[in-house]
Amino acid sequence: MNTLITETLECQTMEQKGLPQRIVLRELELRLQRDFSYESGRIVGSMCTKAHHFAGKAYARFLDKNLGDLGLFPGVAELEKETVRMLGSMLSNPEASGHIVTGGTEANILALWAARKIANKERGEVVVPASAHCSFDKAGDLLGLKIVRAGLDRSYAVDLDAVRNAINPNTVAIVGVAGTTGLGVVDPIAELGEVALERDLYFHVDAAFGGFVLPFLKELNSEPPTFDFATPGVCSMTIDPHKMGMAPIPAGGMLFRNEKLREAIAWNISYLAGGEAKNATIVGTRSGASVIAVWAMLKHFGLEGYRRIVKHCMRLTWQLAKETPTIEGLSLMTKPTMNVIGITSQTLDVRLVAQELRRRGWAVSLFPKHVRIVVMPHVKKRHIDNFLKDLRGIANRLGN
Ligand SMILES: Cc1ncc(COP(=O)(O)O)c(C=O)c1O
């Protein structure tokens with residue numbers, strides 16, 4: 001019976017006659033069985049997690065809201081402003097202006113777009129850390145900007161001299177990362193801010209991942225680095241609710257220091273049913289439900305709720321950081337600042353380690369010199385214990 005349904009629906013062309021919802025749903029359940037699930041605890045290399053059920057509920061209830069047409073949905077438009085201000089207040093700037101967008105990629109593209117507009121240049125250069133996310137390369141390609149990657153220091157943070165040396169008269173912006181994709185490292189944001197002010201450059205901080213982690217590290221006796229709008233030169237920040245914010249995908253956050261900066265890329269759309277409106281986003285029609293779900297999560301969790309989540313993730317991260325180097329042949333790239341760990345080796349091929357972990361069902365990320373583990377909220381202690389057991393077995397086998 002199951003096979004029969006699959007055979008029916010596997011047909012790639014549209015059928016004349018539709019199928020009952022029950023059959024379609026059964027088929028979906030069957031077809032999606034082979035996907036990884038967050039509940040299994042096997043996804044240990046992703047920066048996404050299972051959306052909180054309450055966020056899902058809020059999302060589903062208000063599914064039809066379209067923020068591309070602000071005049072039709074003034075209620076959601078107001079919630080978006082509030083959401084941006086709440087995120088801003090977590091990042092030392094309750095006056096922030098911006099949007100809930102599709103993710104960190106869109107936010108980073110918007111930042112460079114704003115920087116180019118403000119510099120009033122068709123072409124230009126942007127200095128980013130060598131560790132910056134590939135979304136900056138996409139942004140450069142789209143916007144006709146040359147992305148110049150500045151080297152890192154021994155702690156894998158961007159080297160300030162390398163940034164200074166890379167700046168030239170064509171430079172329109174510099175970027176710092178607060179929580180790098182590969183290792184969760186925080187660049188020297190305060191110093192980069194000074195460079196930006198000295199050279200009169202737009203300064204964007206990509207805290208897509210770190211934005212929901214760094215504000216909560218203080219209470220865990222771990223000194224959080226300076227990373228947000230408290231640094232005077234910071235013009236904009238990325239902070240993604242669909243990563244550590246537990247919100248459903250898609251939910252990225254693009255925060256400008258003030259409304260004037262957002263205005264640089266606000267585009268007027270004249271034909272809308274709700275009347276003329278301005279959005280500073282790449283897309284037109286966009287999900288109001290995403291905004292509503294983020295607003296609902298921020299209200300429901302409060303700072304205390306997010307602190308609890310970060311505490312859970314950090315405790316397991318520290319366990320992993322403590323036990324991994326006890327495994328012969330393995331070491332850490334660097335002491336973790338947040339819930340991202342780079343497992344490396346002087347003697348073993350990390351590609352083979354990743355390959356073996358994947359063969360045993362662990363979804364890990366592979367970087368040139370390390371295997372990246374991200375301890376997200378869906379990962380529990382038993383998963384870390386099992387992971388360490390497999391890791392030990394693999395290292396022993398490869399070492400012999
Ligand atoms: C630091 C950083 N910025 C941006 C992004 C891109 O985010 P998204 O995949 O939501 O577009 C990522 C993705 O992991 C990231 O780690």
query = Which of the residues spanning segment 122-141 are loosely packed, with under 15 Cβ neighbours inside 10 Å and either assigned to a strand (DSSP E or B) or away from the ligand (no atom under 14 Å from the Cβ) (or both)?
reply = Glu122, Arg123, Asp141
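Restricting to segment 243-253, name every residue that is surrounded by 24 or more Cβ atoms within 10 Å (Cβ to Cβ) and either within 20 Å of Met314 (Cβ to Cβ) or away from the ligand (no atom under 11 Å from the Cβ) (or both).
Residues satisfying the conditions are Lys243, Met244, Gly245, Met246, Ala247.
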remark   = Going through (1) crowded, with 21+ Cβ neighbours inside 10 Å; (2) in contact with a Leu (Cβ under 9 Å, 6 or more places away or on another chain); (3) more than 23 Å from Phe209 (Cα to Cα) one by one, Leu67 fails only at (2)
query = When segment 149-158 is examined, which residues are found to be surrounded by fewer than 19 Cβ atoms within 10 Å (Cβ to Cβ) and either away from the ligand (no atom under 15 Å from the Cβ) or in a helix (DSSP H, G or I) (or both)?
reply = Gly151, Asp153, Arg154, Ser155
task = Kindly provide the set of residues from segment 209-234 that are aliphatic (A, V, I, L, M) and open to solvent by 10 Å² or more (accessible area, probe 1.4 Å), ordered by number.
result = Leu220, Ala230
key: segment 197-224 residues that are within 16 Å of the ligand (Cβ to nearest atom), paired with ones that are open to solvent by less than 20 Å² (accessible area, probe 1.4 Å) and of a type in the set (D, E, K, R) (beta carbon under 6 Å, 6 or more apart)   = Ala208/Asp240
Segment 172-194 residues that are at pLDDT 95 or above, paired with ones that are of a type in the set (Lys, Arg) and part of a strand (DSSP E or B) (beta carbon under 8 Å, 6 or more apart) = Gly182/Arg372; Leu183/Arg372
task = Kindly indicate whether Ala190 is small (Gly, Ala, Ser), surrounded by fewer than 22 Cβ atoms within 10 Å (Cβ to Cβ), under 19 Å from Thr231 (Cα atoms) and more than 10 Å from the ligand (Cβ to nearest atom).
result = yes
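Say we look at segment 36-54 and pick out the residues that are assigned to a loop (DSSP other than H, G, I, E, B) and more than 14 Å from the ligand (Cβ to nearest atom); which of these is nearest to Ala247 (Cα to Cα)?
His52
Determine whether segment 366-383 contains at least one residue that is more than 26 Å from the chain's Cα centre (by Cα) and open to solvent by 20 Å² or more (accessible area, probe 1.4 Å).
Within segment 366-383, none of the residues are more than 26 Å from the chain's Cα centre (by Cα) and open to solvent by 20 Å² or more (accessible area, probe 1.4 Å).
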message = Which pairs turn up if I take residues in segment 320-341 that are of a type outside the set (A, V, I, L, M, F, W, C) and look for partners that are in a strand (DSSP E or B) and open to solvent by 30 Å² or more (accessible area, probe 1.4 Å) with beta carbon separation below 8 Å, at least 6 apart in sequence or on another chain?
response = Thr324/Ser331; Thr324/Leu332; Pro325/Ser331; Pro325/Leu332
request  = Restrict the check to segment 262-276 and report whether at least one residue is away from the ligand (no atom under 16 Å from the Cβ), more than 23 Å from the chain's Cα centre (by Cα), among the charged types (D, E, K, R) and surrounded by fewer than 21 Cβ atoms within 10 Å (Cβ to Cβ).
outcome  = yes
note = Condition set farther than 17 Å from Ala178 by Cβ and in a loop (DSSP other than H, G, I, E, B), scope segment 102-121, selection farthest from the ligand (Cβ to nearest atom): answer is Asn120
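The values are calculated or read from the model by the stated rules, or taken from the named source; none is laboratory data. Since the structure is predicted, the reported quantities are computational estimates derived from the model, not experimental observations. All Cβ positions, even for glycine, are placed from backbone atoms using ideal geometry, and neighbour counts span all protein chains on display. Ligands, DNA and RNA are excluded from the accessible area calculation, which covers all protein heavy atoms including side chains. Shrake-Rupley method; radii C 1.70, N 1.55, O 1.52, S 1.80 Å.
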